Each structure stands twice: as C-alpha cells, then as structure tokens.
4 protein chains.
Amino acid sequence: MQKKELKRQRLLDAAYDLFQKKGAASTTIDDIVKQAKVAKGTFYLYFHDKKSILDSLVFNICHKVFRDACQNMDDHRADNLADNVIHVVDHIIEYFKCDPLTLSVVCRNFGWKPVLEIELQNSDDLFLKHILLALKNSPEMKDRTESAVINLVYVLMEMVGSVCYAAIIEHEPDNIDNMKPVLYEVIRKSLS
Amino acid sequence: MQKKELKRQRLLDAAYDLFQKKGAASTTIDDIVKQAKVAKGTFYLYFHDKKSILDSLVFNICHKVFRDACQNMDDHRADNLADNVIHVVDHIIEYFKCDPLTLSVVCRNFGWKPVLEIELQNSDDLFLKHILLALKNSPEMKDRTESAVINLVYVLMEMVGSVCYAAIIEHEPDNIDNMKPVLYEVIRKSLS
Amino acid sequence: MQKKELKRQRLLDAAYDLFQKKGAASTTIDDIVKQAKVAKGTFYLYFHDKKSILDSLVFNICHKVFRDACQNMDDHRADNLADNVIHVVDHIIEYFKCDPLTLSVVCRNFGWKPVLEIELQNSDDLFLKHILLALKNSPEMKDRTESAVINLVYVLMEMVGSVCYAAIIEHEPDNIDNMKPVLYEVIRKSLS
Amino acid sequence: MQKKELKRQRLLDAAYDLFQKKGAASTTIDDIVKQAKVAKGTFYLYFHDKKSILDSLVFNICHKVFRDACQNMDDHRADNLADNVIHVVDHIIEYFKCDPLTLSVVCRNFGWKPVLEIELQNSDDLFLKHILLALKNSPEMKDRTESAVINLVYVLMEMVGSVCYAAIIEHEPDNIDNMKPVLYEVIRKSLS
DNA sequence: GATGAATGAGTCTTCATTCAT
DNA sequence: GATGAATGAAGACTCATTCAT
C-alpha cells in the first residue's frame, strides 16, 4: 500500500493550506499535524523540520507552475523568440495573479535555479529545453556559451519573480498589470 | 542633550553588528540590549519591536549605499544615459561585493521604492533626481509618463537587487563578476 | 529587597520537595515552577537546567549534614581518634536513616570531595579541620602527607555513603543498623 | 536452532557498544535496534524496556569481571587471607583501569549483592566460595555468622566499587594508582 | 526616562511503546 | 515470531513583551 506516501502528502497538503492562510512563520508544526490528522512524531518521520517541508512545497509549486507554463507555450509556439519567452512569463504571472496566496507561500524563498536544473536533467522533451535550444540557436545568441544563456534566463527570471512578488503581494510599486508592459519591454529588448 | 538619540544609535549599532554576525532571526532582543549596554525595557522606548529595528537598519543601509552611488556617479557624469545608470548600479554591486555581511542584513527584506520616495521628496538636488530627469528627457523616454519611468527604474533595480543577493550570498547561479555583463547588457538594452 | 534570592529559594524548596516525592528523574521543570508558583522562564533565570538545580540541592544537603555532624561531634569530643570519626559518621547515618527521602535525593550523585574542599577553604575553625589536624598529628598518621590523609578520609566516606544508600534506600544487603558494626569496625581498624 | 538467543545477543552487543560510546542515557532504542539490524518491535520481544537491557549488561559485566578475578586468584593462591582478597580486588581494578568505558557502562548502577548471590547458588567450586569459607575459617572470622562475613565483603566491595568509579571515571580525588594503597590498607586492616 | 526581573504562551523535538500486517 | 510505521505524551527551553520600581 502507499499509505506511507499518502501520509507525506497529507502533511504537505495541510502545510500548504496553513502557509497560505497564516503564513509559514505563524504556522506551527502543531497546526500542521493537527490539520493532517497525524501524530506529531509522524511529521518528523517525513520531514526534518519546518524549513524542510516549506522547501518541498515551494519546489513543488514552482516546478508545477513552470511546467504548465512551458507546456502551454509549447502548444502556442510563435516563430519569434521573445514572444515565446513572454508567453511563458505571462502564464506564470497570470497564475500567481489568480492565486496570490500560493505566491505568498513561495514568498522570496525560491530561486529558479533548482527548477531549471531538474528540468534540464529530465530526458522528456519539455519546452524549457526548446527555449534554451531556441535561445542558443537564435541569431542573436548563437555566439554565446550555454552558461551565458542560462545566466541571461536566470537574470530575467529573477526580475520577473521579484517584481511579481512585490506587485502582487505588496502592491509595490504598482499593480501587476501596469508592470507587465515594463517587464515585457525589458525582456523583448534583452532577447533581441 | 542628544542622550536620547545616542541610545537609539547604540541600539542600532548593536543590532547591525549582531545581525551581521548571527543573522536577524537568531539575534534576540536580549543580545541587542546587552551589547548596547542598555536595559531591556529601554529597547521598547525606541523601537516598537524587532522588525521595526531591522527595518530602520535596512532603510539606513540602502539609503546610504544609494546616495553614495548617486553622488559618485554625479562626479563622473557620462553623456550616455545607460552608462550613468550602469555606473550607479556598479557602485552598489561593488559595495555589497566588498561587504556581503551588510547585504545579508538587508537580505530580501527590502524594496527600493521607499528609498526612491524619500529621495524624491527631499529638496536637495541629489543625482537621483537628475537621473529621473535625464531619463525623462532622453530621446527614448521623452514620451513616457513619470510613473512609467519610475517603474522601469524599479524593475531594473529589483533585478539588480535580486541577482546581487543570489550571486553574492548564495553564489547562485554564478559569481557576481560573471553576472555583471548579463545585468549590464539587460540595462543597456532596456534604456536604449 | 532580597526578592531575588527568595525566588531562588522557592525554586530550591519546591524542587527538594518534588525530588523527594517523585524522584528527580520524574520531576519536570513544569512541576517545579508550578509548585514554586513561579513562571517557567523564571526557572531559567536562576538555574541553567534541571541538573544544575539538583546539584545545588545535593550540595546544600551534604554540606548541611556534614557541618551538623562535625559540629555535634565537636561538642562531644573523645580523646580517641577513631571514636571521633565514628561519631561523625554515625550522626550522618542517623540523619539519613530518619530522613531517607533526603538521601534518595542525594542519590548517588554526590562525591564528598567538593564539600571537603569548600570546608577546608573556610577560615572558621570547623571540626573537619580538627579531624584532619588530629589525623595528621595522631601517632599512626604523623608520617603521612596531608593528601594521603585526605584520601583515606575520602575512601572511608565513599564506603559509608555507598553502603548507606544501598542499605537505607535499596535495603541491600541488610538494614543499616546491621551494617553499622561492620562499617565501624572497618573505620576503627583503618584508623588505628 | 538458537536463532532466538542469537538475536538477544545481537541486541546486547549493540547496546554494550553504544552505551560505551554515547552513554546509556543518550542511547535510544532506535540506535540499538539499528545497530543490531533488528526491527524495533523485536527489541520488546527480548527485553521489557531500556532499563532491563542495561541491567542485563551490567550484570554480565560484573559477573564476568568477578569470575575472572576469582579464577585468576585461584591460580595464585596466597596463604594469607588479606592477600587473596587484595589479589581479587586488584584484578578488578586493573580490568576497569584498562577498560574504563566498560566501567562507565556499569556506572553506579550496580550492587555486588546480586553477583554474590548468584555465585553462591552455583554449585561449581568457584573461588568466591573458597574465600568465604576461608574468611569464616580464618582465626579472626571464625566466630562470625556467615551473613556477618558476607556483609563485611559487601562493605569492602562497595568501597572498592565506589572509589574505583570516582577515581577512574571522574578522576576524584586522585588517580586510581594513588588510591590503591589506601584501599588495600583498609582491606588489610579490616581482615586482620 | 530607565530599569531588569518576571512572565508564560509557544515551539520544537525526542523516544519508548504499540499494533496491524 | 518479526516488522517498522505510527503514535502522542512528555519534555526542555526560548524570548518578545510587560510593569512595578
């Protein structure tokens, strides 16, 4: 039976729910196990501490959002490089715009690097690979090293993530819809 | 006498020192007042809580770094808009590169918005105003609203801050010197 | 005001009472502060942990019992060395025989060495000094070094303490009154 | 097959090893079963609780050390009673001096009484019986009851055990080699 | 204004023991 | 007999905040 994995999932679900409602800092292990209807000790069978379950959660969220975005863009491929990237970014922004609580769980705890790395290791032909391939093969990028391309993606992603969080959660410096044109302009210019 | 202000400063200094050494989370009010040689209750005469002293500290740091950067750039004005902005950014990066502990205090707690706002209210003719003026008056920006220009600066600053932190503190995805060309290219293209 | 010292004493008293009733291992900090009518944090203002309050308690008990025994013997001095030592030992045994709970607190946690050392440092002319002086000056001991004499006292004290505990608390191998002649015979022979 | 007895032994061996390395208090059942490569529940098939396995261990150690000492002395019999006893005691002390970790497992948890009792019940003509017989038949002891003789042995053993532990483990009040003459003098005088 | 003793709710963590498989 | 996942009571300890002096 997968009872074991099921308990782990119950804990993740409970933590996700509580982190959304009360924030990770104000959520106690007690809260989590109570909501998961699991004994306290059980928590420590699956996670080392609170940070560990938060990391798992954040990774899962980012992974899922990123995959969905790439998938979706794969279905609506444009011939223009920048448009494709913006499509992905827009999908991510829209997701978090509609679900700001999940964004508040991810908070600022996350770097895209781990997701990128995992994605790149996977053998399935995910769009992320296409993007990097496209980036590298596009006329403007063709004489860059792979790591230079990855760093460029990373920088743009950090920008998007950071502005996303500030605009959606803290409403700084403006609402996200007003920030979008600015972001997309920077992306468009950077990839041309 | 400014005895009062002096105590406040002692508390700020102690907190700054301890936040650098141990991190804000692991520093207790006890640690701070002990190092500041002040009674525990006194802390609450000057700051509402721990978050409040951290905010003060972060604001002071960012303010200072930003002013220095602008001042320094004011002394080496280039006629090119992008070069001037990159000059400021480079100054900030170099500062934190040499003093990563201070960066670790600022952590991810900060947005540039408050600093911008304070700066813009001040009546002294700091370069920041010049930059915004220059931005608005530059051929490429001349048909943008002021808030659009501020948002562009904000987006680029968030990008710089976020990458700065990741590269210097977490060594992700590469060391800061290798990230600089990427950042500067994005800035240069965005401001042209 | 000695409010501070008073709280410390309330904690010691409560711990002493509970250690007697339930044993040190089964007594929690919670129990202690509850009985002392003191907040939990207050405990940690005065003692580092549970072991620390137990050590204080044990030291106080041993110190008191030892002083009383010496004092009492000082009032009934015999001209015979062995008789004087046995007088002290008997006083200690009788004390613990009448108050076995206190002995159970002391348990096996104690060595006489610390008490001896403290006593020897004090300048008041306690009988312990007389004993050691008498021991050293007695014909049989006169050609021993001071440390050799102390070691002999130590060995006999360990024997008494150990047998005392076993006989009174664990009723092994016989009741204490039947063990007394054996102990005294060993002491008498050792000091002759 | 003795598979059963073998598991019990594996548990004992693991516990012995861990108690030596980390102390009994800091060793968990988890540690023990993990090292014994046995499931956690299995532990409770062989021992009632942690105290129970420690008791078994301590008994085994004391039993073995005592038997070896008696055996060895049996091979080097002296005609003098005290010398024989001291021979046994010295063997025990030397054993623990060379293997203080084992002594630290025995700790202060032990009384010699159980070992004595088991030994006396066994029908094989171990030296312990000879000693007691010799003690009882020696001129000085001949008019004592058997229990009086046993109590004397017990008292001396407690003294040796207690001083042994203090000197070897806690280095109090002196190293064991300096304590030996004191112990042997007391024994010698007590048995004359 | 300044003090620092006192508070006590809150948190994480451990671990002996059980029991369904 | 053997397993090991699950339990949850129990425990130690922290620390921001208050308030009488």
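Read the figures in this text as sums done on the coordinates, not as results from a lab. What you are looking at is a predicted structure, and each value in this text was computed from that prediction instead of being measured. Glycine also receives a Cβ, built like all others from the backbone with ideal geometry; neighbour counts cover every protein chain displayed.
Below, the figures for the structure above:
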read-out: Two-site FRET efficiency, B:Ile118 against C:Leu6, from Cβ-Cβ distance with R₀ of 41 Å, rounded to 0.05; value: 0.20
read-out: Inter-centroid distance (Cα atoms) of the stretch B:4-59 relative to the stretch A:118-192, Å; value: 39 Å
read-out: Relative contact order computed over chain D (Cα-Cα under 8 Å; 6+ residues apart), in percent; value: 20 percent
read-out: Computed Rg/Rh of the stretch D:72-114, alpha carbon atoms with Kirkwood Rh; value: 1.07
read-out: For the stretch B:69-192, projected area of the alpha-carbon convex hull averaged over all directions, nm²; value: 7.5 nm²
read-out: Per-selection metrics, the stretch A:88-154 (Cα): Rg and Dmax in Å; value: 14.1, 41
read-out: For the stretch B:84-95, Karplus couplings with θ = phi - 60° (6.51, -1.76, 1.60), whole Hz, Gly/Pro x; value: 5, 4, 4, 4, 4, 4, 4, 4, 5, 4, 4, 4
read-out: Angle in degrees between helix D:176-190 and the longest Cα principal axis of chain D, rounded to the nearest 10; value: 50 degrees
read-out: Mean separation of Cα contacts under 8 Å (6+ apart) over length of the stretch C:1-47, as relative contact order %; value: 37 percent
read-out: Measure of compaction for the protein assembly as shown (Cα Rg per 2.2 N^0.38 Å); value: 1.42
read-out: Rule-of-thumb Rg ratio for the stretch C:126-192 [Cα; 2.2 N^0.38 Å; N residues]; value: 1.27
read-out: All-pairs alpha carbon distance profile, the stretch A:1-139, 5 Å steps from 0, percent; value: 2, 9, 17, 18, 15, 13, 10, 7, 5, 2, 1, 0
read-out: Net charge dipole size for the protein assembly as shown [Lys, Arg +1 and Asp, Glu -1 on Cβ; Debye, nearest 20]; value: 1500 debye
read-out: Choice from C:Asp79, C:Asp174, C:Asp99 with maximal GNM fluctuation in chain C (Cα, 10 Å cutoff); value: C:Asp79
read-out: Pair A:Asn109, A:Lys34: separation of 7 Å Cα→Cβ label points (nm); value: 2.0 nm
read-out: Helix-only [θ]222 nm of the protein assembly as shown, DSSP H runs n ≥ 4, -39500 (n - 2.57) each, per residue, nearest 500; value: -24500 deg cm²/dmol
read-out: FRET E, pair C:Arg67, C:Lys136, Förster distance 25 Å, beta-carbon r, rounded to 0.05; value: 0.75
read-out: Between 0 and 90°, nearest 10: helix C:127-137 axis offset from chain C longest Cα axis; value: 30 degrees
read-out: Descending Cα extents along the principal axes, the stretch A:1-77, whole Å; value: 49, 34, 18
read-out: Rounded to the nearest 20 debye, dipole of the stretch D:1-136 from Cβ charges on Lys, Arg, Asp, Glu; value: 900 debye
